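What follows draws every value from the coordinates through simple rules; no lab data is involved. Model, not experiment: these values are computed from the prediction. Note that each Cβ is placed from the backbone with ideal geometry, even for glycine, and that neighbours are counted across all protein chains shown.
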């Protein structure tokens, strides 16, 4: 069994600068917390989960943990409402990164199970990838999302459990590969006993990613053959002929 888990922002897609998601996030959190101008979106959010970002913003506004946890449930609903309302702006702002559709399609054609390990809340992930026509290649049922836990390092076990429930067998160590663009992607894979391939398509530099020792590093996903070979090599794929 081979499971490939893709990060979304900075790996599959990125914003063109319109900050549509960030603005919707901030509006929703201000709305449900009633804090208005006291809340700001953290600058160091790359690779964090949506819930983690919300908790950090609330803590910075001196909201205690118990109250913050209560706010999170309302926030999840409000954030989706704001994103749905801005989905035309979101579509205009989203850029599918070079090589992504080809890589997803190539792995899909080889029978590789692909899903997500993302800090996005699940409904937000579904909305984003549906808008850019990438959802068809991904099994959302077995993925792990920011709605599962605020700590990204806790997400890989959700995938193991969901794969076991769906297929009757959990992936063994080395059969899950996380593909992401931040040091936090690398850390969460290590915490979950998964392999990890880093890509230099987000805001982290090549040097910064290498410091965290991913199993492999790709500049981007443009070269489909290289991407597929690299992913299959590190996922302990059962049919070596398909790696050629």
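Cβ-Cβ distance of residue 34 and residue 132, R₀ of 45 Å, FRET efficiency by 1/(1 + (r/R0)^6): the value works out to about 0.85.
Subtracting the Cα-Cα distance of residue 102 and residue 81 from their residue separation scaled by 0.36 nm leaves 4.4 nm. On C-alpha positions alone, give me the angle between the axis of helix 20-33 and the longest principal axis of the chain, in degrees, nearest 10. Its long axis makes an angle of about 50 degrees. When DSSP beta bridges are restricted to pairs lying wholly in the chain, around 15% turn out antiparallel.
When peptides 82-90, 36-44 are ranked by their average number of other Cβ atoms within 10 Å per residue, the highest-first order is 82-90, 36-44.
Show me 176-186, 114-124 ranked by packing, highest mean number of other Cβ atoms within 10 Å first. Please list the in-between numbers first.
Working: 176-186: 27.0, 114-124: 24.3.
Sorting 176-186, 114-124 by mean packing, highest first, produces 176-186, 114-124.
When peptides 4-11, 15-22 are sorted by average Cβ neighbour count within 10 Å, with the highest value leading, the order is 4-11, 15-22. The modelled label-to-label distance between residue 44 and residue 73, using points 7 Å beyond Cα along the C-beta direction, is 3.1 nm. Relative to the longest principal Cα axis of the chain, at what angle does helix 224-234 sit, 0 to 90 degrees, rounded to 10? Approximately 90 degrees, to the nearest ten. Measure nothing fancy, just the Cα-based angle from helix 100-109's long axis to the longest principal axis of the chain, in degrees from 0 to 90, nearest 10. Value to nearest ten degrees: 50.
In the chain, the calculated helix contribution to ellipticity at 222 nm averages -14000 deg cm²/dmol per residue, counting -39,500 (n - 2.57) for every DSSP H run with n ≥ 4.
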